[in-house]
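Chemist: Submitted below is the structure of interest, expressed as structure tokens.
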There are 2 protein chains.
Amino acid sequence: MLERDLIQALVEKATPQPGVTVGLGDDLAVLERPGGPALLVGVDPVIAGVHFDPPRDPPELVGRKALCRNLSDVAAMAARPVACLAALTIGRRETGAAEHAVAMMQGLQDAAGLFRCPLVGGDTASADGPTTLSVTVVAEAVDHPPITRAGAQTGDVLCVTGPLGGSLLPGPQGQPPHHLAFTPRVDAALALAQAFGGDLHAMMDLSDGLAMDAPHLAQASGVDLEVDLDALPVRTVAQQAHPAPEARWRSALGDGEDYELLLALAPDASPRAALPPDVTLTAIGRVVAPSSPPGRVAWLTPDGRPFDTTGLGWEHAAP
Amino acid sequence: MLERDLIQALVEKATPQPGVTVGLGDDLAVLERPGGPALLVGVDPVIAGVHFDPPRDPPELVGRKALCRNLSDVAAMAARPVACLAALTIGRRETGAAEHAVAMMQGLQDAAGLFRCPLVGGDTASADGPTTLSVTVVAEAVDHPPITRAGAQTGDVLCVTGPLGGSLLPGPQGQPPHHLAFTPRVDAALALAQAFGGDLHAMMDLSDGLAMDAPHLAQASGVDLEVDLDALPVRTVAQQAHPAPEARWRSALGDGEDYELLLALAPDASPRAALPPDVTLTAIGRVVAPSSPPGRVAWLTPDGRPFDTTGLGWEHAAP
């Protein structure tokens, strides 16, 4: 667990800078500054052999994914992307690494245009290791403060913005797998924040699998959660691969890289404005009073039995 | 030359984002936004085996350097640091890499406190390659627009803020070498911008060696330069290592990693406010009318002969 804790522990010990308030605990840091909207910044790498496999994964889609993982973090906080930077290390030992790097960067550039997050700078080096593309994203708050994981309240409805599971499986009709081709929910998040206003209590994006991610929202909010497994929307390819309900639930909870949003909405929330047609919300459970300590999630089968999720989700490997 | 050109070429082709004006051509991207000061963002990695050598280089100093290289970019534009992020990849094959990574991050954190650029986020992973620490820096313009490389005018005086050369040599009295222990010229740059106002025409930091860097300022400004080799301030350890003038000049021009500032000042410039005592300016030459194409630098010996600088400076390795 060194990986997750190392930087977070240092961040929490950082000396405050006058005029800058730093919000902690989410994938993006929030910099509140006088005289301007809050800024959000984050960095996430994709590493050959860890987050993608050359030459199996098309490099254009790897570049796209490198940006879109960061944009999913922007979506999680209902912010608007401003710009991105790329730190590229080209692996000297990989055959065709230079050509792949060019294609990766082209894929990133295409996605940057598509999702209005222009590439404004970066650095390229080569080294005796795997090709790595670290993307930094800069975003800004629009019209409302950034949404965090920390606001869920007892009684809230838990929702997701799209189907879960099967992110590594080939897509339908020869489409690439979801983890390489997903649409980060930036526009959906802005529409949800606009439509629900203060009734949108908490939000996060699902990258490690619901079984791993949902407890983080519960812990940050100091509540417990109940999730109805039968209510989980499951990606079609995962439904086809897993006919049995239990296998299907495990896929939806543990495959990871869904890049959908998990929301806690006030129980009486109704949208003040129409949601765009491509934004679908599925209620999957509810926020309940906290146990001691808070942060527990009960995964409920249709007959109300608890379901064991031990080992499900993408555990960040220790070095 | 893939490395330098790849990202820059894409940056120049990026789709503009409404409300964001991107300044190009320097180490930091400048984001001009309505309703707030200009933001500056950049990213620079340090890679084991490329920018540092474990276990020879103390990891605390490597972490310090990872931040300070970025702060030197902030200084180059006379901006103020706001915050930094760290993307750390721990090399699985390196003995003691996890402990080194902890020490590196502690060194970065200490420097972040010292130079008022708090660590606000990041990501850690491990991979089968060299330990890499990519630092993203966010800065903001204060009181004046960011200074660029592009404003030098014929007749300007060229100055540097400190001695050059010998950055890899052990420091005096067992001190670490300059490239691991330098002070980024952030405060000096802010004081210079304040003191000289509009008479400070152009500025950049010296990271690849004056022989490699000065032509970039000349090209960006569309001018030529003349540098008097005898006027170059040379670091004491480099003077001691190189008694002969020509070897000394080569060290000052080509060792790189000086992290001092190169400035073009109006010929009649005088400071409107006292400079802090630790800011020293040494005139090393002048800006002259451009040849066609512009961007040439004449390196002049004391008897006025040109000096060949071919091969001097840190050429970014092609993959």
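The values are calculated or read from the model by the stated rules, or taken from the named source; none is laboratory data. Keep in mind that what you see is a predicted model, and the values were worked out from it rather than measured. Using ideal geometry, Cβ is built from the backbone for each residue, glycine included, and neighbour counts are taken over all protein chains shown. These accessible areas exclude ligands, DNA and RNA; they are computed on the full protein's heavy atoms, side chains included. Shrake-Rupley method; radii C 1.70, N 1.55, O 1.52, S 1.80 Å.
Chemist: Tell me the relative contact order for chain A as a rounded percent, counting alpha carbon contacts under 8 Å between residues six or more apart.
Modeler: 22 percent
Chemist: In vacuo Debye scattering of the protein assembly as shown, one point per C-alpha: log10 I(q)/I(0) at q = 0.07, 0.08, 0.09 Å⁻¹?
Modeler: -0.46, -0.60, -0.74
Chemist: May I pose another question? Which lysines, if any, have their Cα less than 25 Å from the Cα of A:Lys65, not counting same-chain residues under 8 positions apart?
Modeler: B:Lys13
Chemist: Now a separate question. From the Cα trace of segment B:251-319, what convex hull volume per residue do you get, rounded to a whole Å³?
Modeler: For segment B:251-319, the hull spanned by Cα atoms encloses 180 Å³ per residue.
Chemist: Right, something else. Over chain A, what portion of Cα pair distances is larger than 29 Å, expressed as a whole percent?
Modeler: Of all Cα-Cα distances in chain A, 37 percent exceed 29 Å.
Chemist: A further question on this structure: If you place +1 on the Cβ of every Lys and Arg, -1 on the Cβ of every Asp and Glu, and leave all else neutral, what size is the dipole of segment A:97-156 about its Cα centre, to the nearest 20 Debye?
Modeler: I would put it at about 100 debye.
Chemist: Is there a simple number for the mean count of other chain Cβ atoms within 10 Å of the Cβ of residues in A:98-111, and what is it?
Modeler: 2
Chemist: State the antiparallel share, in %, of DSSP beta bridges confined to the protein assembly as shown, rounding to the nearest 5.
Modeler: 75 percent
Chemist: Report, for B:Pro34, each distance to the same residue's label point in the other copies, shortest first and in nm; define the point 7 Å along Cα→Cβ.
Modeler: Spelled out, the distances from B:Pro34's label point are 2.4 nm.
Chemist: For chain A, what is the accessible area per residue in Å², given a 1.4 Å probe and the full set of protein chains? Don't skip to the end; give the middle numbers.
Modeler: Numbers: 12260 Å² over 319 residues.
For chain A, the solvent-accessible area averages 38 Å² per residue.
Chemist: Could you compute how fast segment A:122-187 diffuses translationally, taking Rh as the Kirkwood radius over C-alpha pairs and applying Stokes-Einstein at 4 °C with viscosity 1.567 mPa s? Give it in µm² per second.
Modeler: Working: Rh = 16.8 Å.
So the translational diffusion coefficient is about 77 µm²/s.
Chemist: Give the long-range amide H neighbours of B:Asp123: residues separated by 5 or more places, or on another chain, with amide H under 5 Å away, using H modelled in the peptide plane at 1.01 Å from N.
Modeler: B:Ala86, B:Ala87, B:Leu88
Chemist: For segment B:102-251, which whole-number percentage of the solvent-accessible area (1.4 Å probe, protein heavy atoms only) is attributable to carbon and sulfur atoms? Intermediate results must be reported in sequence, preceding the final value.
Modeler: Details: 2550 of 4950 Å².
Carbon with sulfur: 52 percent of the solvent-accessible area.
Chemist: From the phi of every residue in segment B:205-219, what ³J(HN,Hα) in whole Hz does the Karplus formula 6.51 cos²θ - 1.76 cosθ + 1.60 yield, where θ is phi - 60° and glycine or proline is x?
Modeler: Once rounded to whole Hz, the list reads 9, 9, 10, 9, x, 4, 4, 8, 7, 4, x, 5, 5, 4, 5.
Chemist: Same structure again: Please average, across the residues of A:35-42, the number of beta carbons from any other chain that are within 10 Å of each residue's own beta carbon, and give a whole number.
Modeler: Going residue by residue through A:35-42 and averaging, the value is 5.
Chemist: Also, quick follow-up: Given a Förster distance of 60 angstrom, what is the FRET efficiency for B:Ala241 paired with A:Arg305, based on the Cβ-Cβ distance and rounded to 0.05?
Modeler: That gives a FRET efficiency of 0.20.
Chemist: Using a 1.4 Å probe on the heavy atoms of the protein chains only, list every residue of segment B:71-96 that has 50 Å² or more less accessible area in the complete assembly than in its chain alone.
Modeler: B:Val82, B:Leu85
Chemist: Evaluate segment B:145-299: find the radius of gyration of its Cα atoms, find its Kirkwood radius, and give the ratio Rg to Rh. Please list the in-between numbers first.
Modeler: Details: Rg = 15.1 Å, Rh = 15.6 Å.
Checking Rg against Rh, the ratio lands at 0.97.
Chemist: Using bins 10 angstrom wide from zero, how does P(r) for segment B:48-127 break down, in % of all Cα pairs?
Modeler: For segment B:48-127, the binned pair fractions read 18, 51, 26, 5 percent.
Chemist: Would you look at the GNM of chain A, springs on alpha carbons closer than 10 Å, and say which of A:Gly36, A:Gly198, A:Gly165 moves the most?
Modeler: A:Gly36
Chemist: Chains A and B: buried accessible surface, both sides, probe 1.4 Å, rounded to 100 Å²?
Modeler: 5300 Å²
Chemist: Residue-wise, which Karplus ³J(HN,Hα) couplings in Hz belong to segment A:264-274, taking 6.51 cos²θ - 1.76 cosθ + 1.60, θ = phi - 60°, and x for glycine or proline?
Modeler: 10, 10, 3, x, 9, 5, 9, x, 7, 9, 5
Chemist: What's the whole-number percent of alpha carbon pairs in segment B:81-238 lying beyond 21 angstrom? Present the calculation step by step, with values, prior to reporting the outcome.
Modeler: On the way: 7562 of 12403 pairs.
So the pairs more than 21 Å apart make up 61 percent of the total in segment B:81-238.
Chemist: Using a Gaussian network for chain A with springs between C-alpha atoms less than 10 Å apart, which of these wobbles most: A:Val142, A:Val11, A:Val297?
Modeler: Sorting by GNM fluctuation, first place goes to A:Val11.
Chemist: Let me ask something else about it. Residue-wise, which Karplus ³J(HN,Hα) couplings in Hz belong to segment B:75-90, taking 6.51 cos²θ - 1.76 cosθ + 1.60, θ = phi - 60°, and x for glycine or proline?
Modeler: 4, 3, 9, 6, 10, 10, x, 10, 6, 9, 10, 10, 10, 10, 10, 8
Chemist: Same structure, new question: What is the set of long-range amide H partners of B:Gly256 at a cut-off below 5 Å, with H atoms built 1.01 Å from backbone N?
Modeler: Result for B:Gly256 returns B:Gly165, B:Gly209, B:Leu210.
Chemist: Further question on the same structure: Taking the Cβ-Cβ separation of A:Glu32 and B:Trp314 as r and a Förster radius of 25 Å, what is the calculated FRET efficiency to the nearest 0.05?
Modeler: Given R0 = 25 Å and the Cβ-Cβ separation, E is 0.05.
Chemist: Continuing with the same structure: What percent does the relative contact order of segment A:90-226 come to when contacts are Cα pairs within less than 8 Å and at least six residues apart? Walk me through the intermediate numbers first.
Modeler: Working: 96 pairs, mean separation 37.0, N = 137.
Reported relative contact order: 27 percent.
Chemist: Suppose we keep just the DSSP beta bridges with both residues in segment A:71-195; what percent of those would be antiparallel, to 5? Don't jump to the answer; show the numbers that get you there.
Modeler: Numbers: 9 of 17 bridges.
Here the share of antiparallel DSSP bridges comes out near 55 percent.
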